[in-house]
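Take a look at the structure below.
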Amino acid sequence: MNNIKKKLIIPLMFTAICPATLNATVKKSENHPDSVYLLSYATPSNPKEGIRLAYSIDKKNWINIGNNHSFVRSDFGTWGAEKNMYSPSVMQDTDGTWYAVWSLNNRTPQFATTLTHDLWTWKPQDYPFVTKGENVIAPVITKENGQFVVTYKTSGGDIYRTVSSDFKNWSNPEKTSEENYKSKLTQAIVNGIEREGEVNRVAWHIVDELITNVEAAAFRAQRDNERMADDEWRFKGLKDVKASLSINLNDTKAISSDLIGIFFEDINYAADGGLYAELIQNRDFEYSNSDRGEWNSKTSWSLQGEGCEWTIETDNPIHANNSHYSILNTTHTGGQLINNGFDGITIKKGEKYNLSLFLRSIDKNGQKIRVSIKNGTEVLATSTFSATPAWKQHKATLTAKSAADNASLCIEPLSEGKVGIDFVSLFPQNTYKKRTNGMRADLAQLLADLHPRFVRFPGGCATHGNGIDNIYHWKNTVGPLHERKGNFNIWGYHQSMGLGFYEYFQFCEDIGAEPLPVLAAGVPCQNSSRGGDGQQGGIPMEEMDEYLQELLDLIEWANGDAKTSPLARMRAEAGHPKPFNLKFLGIGNEDLISDVFTERYNYLCRGIRAKHPEITVVGTVGPFFEGSDYEYGWQIAKEEKLPIVDEHYYNSPGWFINNQKFYDKYERNSTKVYLGEYASKGNNLENALAEGLHITNLERNGDVVVMSSYAPLLAKEKHTQWNPDLIYFNNTEVKPTVNYYVQQLCGQNSGSQYIYNQLNVENNNEAVRIRVASSVVKDEKTGDIILKLVNCLPSSVKLDINLGTIEGYQSTASKSVITGNYNERNLRPVVSEIEVSDNFDYELPKYSFTVIRIKKDTKKK
Ligand code: AHR
C-alpha cells in the first residue's frame, strides 16, 4: 500500500466507524472501579501544553487520557513568549468543582486561576496580582476552614500565603514558613515518561466522561479537517449523482436582509497605503520605534544632494498631537527631501492631485520651497511656495503630465536658510465618489460591488489594541487631519488616522451600508505584549465613566442635531450636517471573558442601552465557535439580554462542510448572531465553496444570524500579516480572490425571506449528501426569487428543480456560476441565462457555486 493510500484509509476507516459506532465504543461496561487516581501534570519542557491528565487504579500503572490531550492551557500574555503554564496545582472541592492555579513566568507578580465543574470546560482564567515586585513560583492550592489558600515561593526563596473566600479576591500575601508550603507533587511514569504532578482520587465516571469527550473531539477534529485533495479517494467511482429540489414558494420565513456586510480593519496595510488614498508615507514625521523597532520620524523620507542639513524637531509644532517636524537648513541650494510613498507613488497621466504642506521660516522670511512630483529626474508636476515665520498650510493642485508607478515627492529649498516642514500630503482628486481625503477609487469600487449592508470598523484587534495605551479612541480620528492623533498599529506599523471615523461614516453612506463601529470593552487584547502586565488588564474602574462617555459621545456625534449639540456640530463642520443615523454599536472584540472584562463590558453595555435604547448593542463571545470565551460570552449575552453578539471562527473547509447545522439548534427568540469574522483558511475554490456553502446555511438561519462578514478584507502585497484575505492589491492593481466573488454573488443576491426547500441527494453516503446544498430566498424589494446551489463534489449533480409554479415570474433567469478544480484560485463567475419553468433541470458542475435569479415579471399582474 502506498503512503498516500495509507494516509487516506485511516481517516476513512475512522469515518466509517463514527459516529454511529461512537456510542458503541463508549457504551458503559459495569466492569470498572468506583474510583481511580487522577494525575494532573504539566510538561516543563513545553509549558504551552498546559494540563494533561492520566488515571491509575494503583498509582503504578498510569494511562493518559487522550493522546497527550491538553485539558487547559495558559492564556496569559502574548503569543510566543508567553501563554506558559508552570507547576499547576489542582484541587477538587466538596461540591465537585475543580480549582486550578499555576505560575506564569519567572517575573510576574501574578498567578493564574481557573475552575471547572467537569475537567472539560474551564472557566476563563484570571490572573490576580499578589506581591508587588515579587514573582510567583509553584503555587499550591488547598482549602482550609472554608477558605481557598494559595501558598507559593518566590525567586528570593521566600514562601507566601494568600487566601480568598470567593476564589476571586485574594488577600495581601503574608510571609509564611516552609512547613506551611505543602507541595502535593508526586512522581509518576506515564507512557514510559517520568512526570511530576498532583494526584486526586476521583469517581470513575469523571474519567470515563473525559475519555468519551476526548475521543469525540478527536473524531470531530479529523472530520473537520477533511480536504478536497482527498476527494479522489473519498469519492472514488462517484458519478451520475442525481438530486431533486422542491421549493414551496408559499412557505417562507422572514430573514435578515443585512446578512452580507464587510469588516474593514487596518491590517495588511488596508488603510494607510491601501484604501485611504493618501500617497505620502509618514506625512507628519510621526513614525516612531513604537510602530516598528527600526522606524523613526525620518522613515520613508530621504535627503538627496548637497548643501542641506536635515533634522527633526519638536519645539513649537503645528499641533500638540503632531509634535515632530522636519527642518531643512540650506547653506547652498541643491538638496531635496524626498518621500517615496508606500512602495513608490503611483501617478496617472492628466489626473489632478491635491498637494498640501505646512511651512515655517525659522531664520528668514519668504524662503521659497519648490515641491515636485518626479519620476526619476523627470518632473511630472511642480509648485512653489513661500514660507512664513509662523506655521502656515500651503496648498496647490498638481496635474501630472505623464504617468509613473514609482514616482516620488521632492521638496527643494530654493534659497538658503532654515525652514520647518510638516504634514506633507499628496492626494488624488480622483477618489471614490470624488471625496476629499477619500478612498482609493478602484479598491472602494470593489467593496461597493459586494453590496455590503454594513461595514464593521475599526477592528478586530485594531480596536482593543495591544495594551491599554493602544485602545482605539474614535475622538483621536476626527477633526482637521493634522490635529488627529496617530498611534502604532497592533499589526506592526503606524495608523495615521487619516481614515478616521468621519471618513468611515461617509464611506458607509457612499456605498449604502450601515456603519457598525466596534469599540473596546475597556480592555485591550488579551494577547497584548505591551502595557506592563502582559495581559488583558483594563481601564481602571474609576476611569470607566469617562470611557463610557466617550462611547456615548460617538452616538451624539453621529446622530445629534448640529443646531443644538456641540459634538454634532463637529460632524457638521467636517461636512455632514445631517445625522449619520447610526443604529449599531459593537462593544468588545473576541475578548477573554475574564472578571476584569465582564465588569467593564457590562458597565458599558448597560450604560449605552440605558441612555440610547434605540442603538443595537453588539456584544462579543470570544475568538472561537466553542470553548470558554464562547460559552461564558453567550452566558452573559443571555443574562443581559443583549440583542446581538459577534461570533468569530477561522476554520478548515471540512468544518464548514461538517457543521452545516451549527445554527439550526440556536434558540430562535433570543440574542441574535453577527458572524463578524470567518474564513476557511485559503484562497482556493475549495475555500470559496466552503464559504458559499456556509452562506446557504446562514440564510436558512437568517432569523438568528442577522449579519456576517468575511475577514480579513484587504491585504497589500508584500505587507500582508494575515492570510488568506478577500482582496489583494498593490499600488496599481486590485486582485479580488475567488472567495470575493462568492461574497459578491451573495451580497448582490440576498433576500429578506427564506423560502423553504427540500433537497434530496440520491446517494447512500452521507459524505456525498452533505456536499450538495441549496438555499432559496426572496428579495421582497424586487420580488425576485434567488436560488443558491453549491456542489462540493468532484462530480456534477443532475438536479431536478420543482418550483411548483412560476406564474408571475420571467421564464428566462440569470445564472452565475463559479466552477473549476478545487485548487484553482483565479476564478470568477460566468454569467449566462437559463430557461426556468415550474419544473426544470439544472446540472451543477463539479465543484461549483451557482446563483439563479428568477425575476419577477413586472409586466404581468
Ligand atoms: O481578522 C483578523 C483578526 O482576527 C482580527 O483583528 C481579530 O479580531 C481576529 O483575531
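The values are calculated or read from the model by the stated rules, or taken from the named source; none is laboratory data. Everything numeric here is computed off the predicted structure, so don't read it as measured data. All Cβ positions, glycine included, derive from the backbone under ideal geometry; neighbour counts span all protein chains shown. What goes into the accessible areas is simple: the full protein's heavy atoms, side chains included, and nothing from ligands, DNA or RNA. Shrake-Rupley method; radii C 1.70, N 1.55, O 1.52, S 1.80 Å.
Some observations on this one:
- Ratio of Rg to Rh over the stretch 610-725 (Cα coordinates, Kirkwood Rh, two decimals): 1.00
- Kirkwood hydrodynamic radius of the stretch 427-546, Cα pairs, Å: 15.6
- Extension gain, GLU378 to THR97, is 93.6 nm, computed as 0.36 nm per intervening residue step minus the present C-alpha separation.
- List LYS48, LYS815, LYS59, ordered by accessible area with a 1.4 Å probe, largest first: LYS59, LYS48, LYS815
- When each of the peptides 826-832, 145-151, 795-801, 769-775 is scored by the mean number of other C-beta atoms lying within 10 Å of its residues, the order from highest to lowest reads 769-775, 795-801, 145-151, 826-832.
- Cut-off 14 Å, label 7 Å out along Cα→Cβ of ASN248, residues of the stretch 678-720 by amide N: none
- For LEU844, solvent-accessible area (1.4 Å; no DNA, RNA or ligand), Å²: 0
- Cα gyration tensor, the stretch 519-583 - rounded (a/c under 1.5), prolate or oblate: prolate
- When the surface is traced with a 1.4 Å probe over the full set of protein chains, HIS482 keeps roughly 40 Å² accessible.
- Beyond 17 Å, the tail of the calculated P(r) for the stretch 387-492 holds 73 percent of the Cα pairs.
- When the convex hull of its Cα atoms is projected in every direction, mean area for the stretch 725-861 (nm²): 10.0
- Label sites at GLU599 and ASP553, each approximated as a point 7 angstrom past Cα along Cα to Cβ, lie 2.4 nm apart.
- Cα centroid of the stretch 669-734 to Cα centroid of the stretch 290-313, whole Å: 39
- Against the rule of thumb 2.2 N^0.38 Å, how large the Cα Rg of the chain comes out: 1.07
- Dimensions of the stretch 325-380 from C-alpha coordinates, computed as largest minus smallest value along each principal axis and given longest first, are 38, 21, 19 Å.
- Using R0 = 41 Å, the C-beta based FRET efficiency linking THR397 and GLU833 works out to 0.30.
- From most to least packed by mean Cβ count within 10 Å, the peptides 195-203, 388-396 give 195-203, 388-396.
- D_trans [Stokes-Einstein, Kirkwood Rh over alpha-carbon pairs] for the stretch 333-456, 20 °C, 1.002 mPa s, µm² s⁻¹: 136
- Of the complete DSSP H runs in the chain, those spanning 20 angstrom or more by Cα along the long axis with a mean Kyte-Doolittle score not below 0.5 are 3-17.
- Net charge of neighbours whose Cβ lies under 15 Å from the Cβ of GLY751, counting Lys and Arg as +1 and Asp and Glu as -1: +2
- Here LYS395 is the anchor, and the lysines within straight C-alpha reach of less than 16 Å, apart from those fewer than 8 places off in the same chain, are LYS352, LYS368.
- Projecting the Cα positions of ILE206, TYR630, SER774 onto the charge dipole of the chain (unit charges on Cβ atoms of Lys, Arg, Asp and Glu, taken about the Cα centre) puts SER774 furthest along the positive direction.
- Förster radius 45 Å - calculated FRET efficiency between SER529 and GLN748, Cβ distance, rounded to 0.05: 0.65
- Counting only Cβ charges, +1 for Lys and Arg and -1 for Asp and Glu, the dipole size of the stretch 652-726 around its Cα centre is about 100 debye.
- Using the Cβ-Cβ distance between ILE312 and ASN406 with R0 = 30 Å, the FRET efficiency computed as 1/(1 + (r/R0)^6) comes to roughly 0.70.
- Spatially, the stretch 575-643 and the stretch 769-847 are offset by 38 Å when compared through their Cα centroids.
- Using alpha carbons only: equivalent-ellipsoid semi-axes of the stretch 535-633, gyration tensor based, whole Å: 30, 15, 11
- Each residue was assigned an accessible area with a 1.4 Å probe, and for ILE818 the value is about 0 Å².
- Within the chain, helix-based [θ] at 222 nm, where runs of 4 or more DSSP H residues each add -39,500 (n - 2.57), nearest 500: -5500 deg cm²/dmol
- Summed side-chain charge close to THR477 - residues other than THR477 whose Cβ falls under 9 Å, Lys, Arg +1, Asp, Glu -1: +2
- Cross-link pairs exceeding 18 Å in C-alpha to C-alpha distance, out of LYS661/LYS778; LYS253/LYS672; LYS48/LYS175, comprise LYS661/LYS778; LYS48/LYS175.
- Listed by chain and number, the lysines whose alpha-carbon sits under 28 Å from that of LYS563, ignoring those within fewer than 8 places in the same chain, are LYS433, LYS434, LYS475, LYS485, LYS578, LYS583, LYS611.
- Fully extended contour minus Cα-Cα distance, from ASN581 to GLU196, at 0.36 nm per residue: 132.6 nm
- When the charge dipole of the chain is built from unit charges on Cβ atoms (+1 for Lys and Arg, -1 for Asp and Glu) and taken about the Cα centre, the candidate among ALA396, THR108, THR142 whose Cα reaches farthest toward its positive end is ALA396.
- Whole-Hz Karplus values for the stretch 848-859 come out as 9, 10, 10, 10, 10, 10, 9, 7, 5, 8, 6, 6 Hz, taken residue by residue from phi with 6.51 cos²θ - 1.76 cosθ + 1.60 and θ = phi - 60°; glycine and proline positions read x.
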